[in-house]
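Below is one structure, written out as structure tokens, with a few remarks after it.
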Amino acid sequence: MWLTRFKTALVLEDFDSIAALLGEMPQFETLQQIEEASYLLAQTKSVVEKNKSQTAHVLQQLKNSLNFLKSTQTEPPSSLNLKF
């Protein structure tokens, strides 16, 4: 049952469910279950690292866009610039 739920969470890339399932990992009864869980955990690591890389890339693009927008704006007049 746990393996099925973990597979589903991995396919859907539901990281909240994956974290919850990791917290309640059962004792496996057979060598096949242990090997399957090991494979799924390796796949999960790969998916998490890929997601982390994509997130870093998107954040860098946002930072570049913000810097560009800031560079194209005219500076507002200073509030201390008093004309008499």
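General observations
- Just so you know, in the range 23-32 the residues that are open to solvent by 60 Å² or more (accessible area, probe 1.4 Å) and closer than 13 Å to residue 6 by Cβ include one that is nearest to the chain's Cα centre (by Cα), and it is 23.
- Selected residue (criterion: farthest from the chain's Cα centre (by Cα)) from residues of the range 33-74 that are among the basic types (Lys, Arg) and under 21 Å from residue 15 (Cα atoms): 45
- Filtered residue count, the range 1-22, keeping only those that are open to solvent by less than 90 Å² (accessible area, probe 1.4 Å) and part of a helix (DSSP H, G or I): 15
- A single member of 56, 37 is part of a helix (DSSP H, G or I) and within 21 Å of residue 1 (Cβ to Cβ), and it is 37.
- For residue 74, the conditions (1) open to solvent by 60 Å² or more (accessible area, probe 1.4 Å); (2) among the β-branched types (Val, Ile, Thr); (3) in a helix (DSSP H, G or I) are fulfilled apart from (3).
- Consider the range 40-53 and keep the residues that are open to solvent by less than 60 Å² (accessible area, probe 1.4 Å) and of a type in the set (Val, Ile, Thr). The one that is farthest from residue 6 (Cα to Cα) is 47.
The values are calculated or read from the model by the stated rules, or taken from the named source; none is laboratory data. Because the structure is predicted, anything quoted here is derived from the model rather than measured. When we count neighbours, we look across all protein chains shown, and the Cβ atoms used for this are built from the backbone with ideal geometry, even at glycine. Accessible surface areas use protein heavy atoms only, side chains included; no ligands, DNA or RNA. Shrake-Rupley method; radii C 1.70, N 1.55, O 1.52, S 1.80 Å.
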